[in-house]
Each structure stands twice: as structure tokens, then as C-alpha cells.
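The values are calculated or read from the model by the stated rules, or taken from the named source; none is laboratory data. These numbers were taken from a predicted model, which means no experiment stands behind them. When we count neighbours, we look across all protein chains shown, and the Cβ atoms used for this are built from the backbone with ideal geometry, even at glycine. Accessible surface areas use protein heavy atoms only, side chains included; no ligands, DNA or RNA. Shrake-Rupley method; radii C 1.70, N 1.55, O 1.52, S 1.80 Å.
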Amino acid sequence: MIAGVAWAQHRGIDRVDVRVDDGPWRPADLAAEHTTDTWRQWSLAWKATPGTHTLTVRATDRTGEIQTEQRARTIPDGATGWHSVVVTVT
């Protein structure tokens, strides 16, 4: 299972997509949302295969804006960019 949280202040999260290596984007399952200002949990079942993999995540807010690939630091306007992590499956 791949899982995490997403947040878009005052807009809420409408969708989270996950990509394994350079594969297609796959929609994650979203947990209930209490308000548009709370973090939204997401998860995706993944049949992992041995080796090193890059997991990349992007979110779409309720206005339809897809998270940009371009990374930026938190100051002055908040962090941006897809989140990615490298994992090794044995």
C-alpha cells in the first residue's frame, strides 16, 4: 500500500494521482474530507516488484488546478512541486 496526505488550503483536495517509475498516473482512493481546510488522506494498492522504484504523487484541488511539477521552497508563497520518493523492494 502506498499512502499519504494532501492539502490545499481553502480549496480542498479533489484527486490524488500516483505514478510508479515512468508508468501511467493512477488515481488514489481518498478518505472522507471533514472540511476543505483539513489534510486529506489517500491510498493506492500497489503490487510491488523487487528492485528500486520512484513513486511520484500529484494532487488536484477542488478548483481543478493540478499540482505543478515545478518545485519551489516554502518561502515566500508556499511549497510547490510533485512529491517523489525512491523505494527499494526486496
**Request:** Output ³J(HN,Hα) for region 37-42: one whole-Hz value per residue in order, computed from phi by the Karplus curve 6.51 cos²θ - 1.76 cosθ + 1.60 with θ = phi - 60°, and x for Gly and Pro.
**Result:** 9, 10, 5, 10, 6, 9
**Rounded if a/c under 1.5, otherwise prolate or oblate - region 1-66, Cα gyration tensor axes** = prolate
**Prompt:** Where the accessible area of region 29-76 is counted over protein heavy atoms with a 1.4 Å probe, how much of it, in %, is carbon and sulfur?
**Reply:** 52
**Placed amide H near His83: partners under 5 Å, 5+ positions off or other chain** = Val57
**Asked** Taking the Cα centre of the chain as the origin, how large is its charge dipole in debye, to the nearest 20, when only Lys and Arg (+1) and Asp and Glu (-1) carry charge on their Cβ atoms?
**Response** 140
**Item:** Anisotropy class of region 49-90 from Cα gyration tensor, a/c 1.5 cut
**Value:** oblate
**Message:** Rolling a 1.4 Å sphere over the protein heavy atoms, what is the accessible area per residue of region 11-72, to the nearest Å²?
**Reply:** 64
**Request:** Note down the relative contact order for the chain as a percent, whole number, built from C-alpha pairs under 8 angstrom at least six residues apart.
**Result:** 30
**Request:** Would you give the gap between the C-alpha center of region 55-90 and the C-alpha center of region 14-53, rounded to a whole Å?
**Result:** 12
